[in-house]
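> I'd like to ask some things about the structure below.
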Amino acid sequence: MSARLPRSLIIGYAAIALFMTGDGFELTFLARYLVDLGYTPVDAALAFSVYGFVAAIAAWCSGVIAEMFGARRVMVIAGIAWLVLQVVLLSVGLNSGSLPLILMIYGLRAAAYPMFIYSFVVQIAQTVDRSRLATAMGWYWAAYSLGIGVLGTYLPSWLLPVLGEQLTLWLALPWVAAGVVLAAWSAYRYRGTAQERPTGMNSSQKLREMARGATILVENRQILVLAIVRVICNLTLFGFPVIMPLYLSTNSYDGVAVLEVTQWMQLWGLMFAVTIVTNVLWGRIGDRFGWMRQMRWYGCVGCAVATLAFYYLPQWTGPNMLALGGAAVLLAVAVSAFVPMGAVFPALAPEHTGAAVSAHNLAAGVSTFLGPAIAMVLLPIAGIGGVCWAYAVLYLIGAGLTYFVRPDQPGITTKTKTHSTELAATAA
């Protein structure tokens, strides 16, 4: 396995960027759109929570399924399922006036998203040397950010005033289709490679291996602790799209109504645009200076500060896009410091890479669910301010938990052990 990043991954990075562009079209305005259709803010939060719950289950399965059947093959099937269910959601669900029907269709579509993107994480773990794994994950998250946060946010912000919500959502389809085509081409080009061959397991072995994606949380205490940190690290990424359009553009639940929805979308796009650069930088920095130290101080503590800045700055500065842009940049720098997370899970269980990645994906999916769920529960009780403070406190708890995770990191822990051995020999 080469220490350099395989060229074959470039196609996958492009597929992720295109897929997440289409998948991200709805993220910043769907909650507000559902409210405009007559549903309550709590109903909108419920829709995102159902989406996140299903995504969590699919994310848990994705690592082992990709390992058993081939990552690229799973990406193609998941992408096609997303396209079909998006058509059903737009042509039937949103026009039905039925919240249960919307929840069912949107929930089913939620399974396709993690299967597509996290199967590629397995591909990375299978092909990249561990000493370069955080760097490879940095490029992965850069592609993810380019899609969901930049193209997937700025394009709708420009299209929405002209085309309206429904037609803007329809235009997500060609972007996802392009990502699926790239994944299909990659699956054809690299068919027969070691990473794309099925494992040859029988049915009972497949079930045991899939179950290990959850049981490993019990068997390996460090993976359990890290999974909790992984849940915490993306709370704002999935919670803010639910609460911030209401906070910044309406008076609901202590909202300040200082911006238009499209201005909020541009702020969120700025945040993700910055992460394209910081994801790559943090990947390199983590490989060189230490994964856990970076995630503790710059990730957890930084996100706590940025979360509260997003809440208080609009109250202090009003419709000041420069100040709010600063909060968006701060959140981008902080949240991208978690890039090494995808490297730490396999490092804690190198003999069960698929299960470790599944545990990572399960935690990521729970974050997709928990961010909106916290909003759904706390909005009627504590308002948007209470939701933001809940996120901030959880980030600080995550910082404390990182002290209990000590992965074997090539070039970092090896140097520490060697240095300690040399000191002991000198003292003797």
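> Using only the alpha carbons, work out the radius of gyration and Dmax of region 56-152 in angstrom.
Radius of gyration, then largest Cα-Cα span, for region 56-152: 15.6, 52 Å.
> Here's something else I'd like to know. Hey, rough spin-label estimate for V256 and V305, points 7 angstrom out along Cα→Cβ, what's it come to in nanometres?
Simple spin-label model gives 1.9 nm for this pair.
> Then there's this: Is it possible to state the helix-based mean residue ellipticity at 222 nm for the chain, with each DSSP H run of 4+ residues giving -39500 (n - 2.57), the sum divided by total residues, to the nearest 500 deg cm²/dmol? What is it? Show your work: numbers first, answer last.
On the way: 19 runs with 327 residues, N = 428.
Calculated mean residue ellipticity at 222 nm is -25500 deg cm²/dmol.
> Any chance you could give the angle, 0 to 90 degrees and rounded to 10, that helix 41-69 forms with the longest Cα principal axis of the chain?
Once rounded, the angle reads 30 degrees.
> If you don't mind, another one. Nearest 10 degrees is fine. How inclined is helix 353-401 to the longest principal axis of the chain, computing both from alpha carbons?
30 degrees
> In square angstrom, what is the accessible area per residue of the chain with a 1.4 angstrom probe? Please report the intermediate quantities before stating the final value.
Details: 16260 Å² over 428 residues.
I get 38 Å² per residue for this part.
> For the chain, with a Gaussian network of springs between Cα atoms less than 10 Å apart, report the residue from P245, P156, P174 with the top mean-square fluctuation.
P174
> Given Cβ point charges of +1 (Lys, Arg) and -1 (Asp, Glu) and nothing else, what value in debye, to the nearest 20, does the dipole of the chain about its Cα centre take? Present the calculation step by step, with values, prior to reporting the outcome.
Details: 23 positive and 16 negative charges, 264 e Å.
Here the chain has a charge dipole of around 1260 debye.
> Working from Cα positions, state the angle (0 to 90°, nearest 10) between the long axis of helix 152-170 and the longest principal axis of the chain.
In the chain, helix 152-170 runs at an angle near 50 degrees to the longest axis.
> Using a 10 angstrom cutoff on alpha carbons, build the Gaussian network for the chain and name the most mobile of T402, T307, T40.
Of T402, T307, T40, the Gaussian network model singles out T40 as fluctuating most.
> Another question about this same structure. Of all the accessible heavy-atom surface of region 277-417, with the other protein chains kept in place and a 1.4 Å probe, what percent is carbon and sulfur?
Here carbon and sulfur together make up 72 percent of the probe-accessible area.
> Right, something else. Express the carbon and sulfur contribution to the solvent-accessible surface of region 1-128 as a percent, rounded to the nearest whole number, probe 1.4 angstrom. Please report the intermediate quantities before stating the final value.
Values: 2940 of 4060 Å².
Ligands and nucleic acids excluded, carbon and sulfur reach 72 percent.
The values are calculated or read from the model by the stated rules, or taken from the named source; none is laboratory data. Only a predicted model underlies this, so the values are computations on that prediction, with no experimental measurement involved. Note that each Cβ is placed from the backbone with ideal geometry, even for glycine, and that neighbours are counted across all protein chains shown. Areas reflect the complete protein model, heavy atoms only, side chains present, ligands, DNA and RNA absent. Shrake-Rupley method; radii C 1.70, N 1.55, O 1.52, S 1.80 Å.
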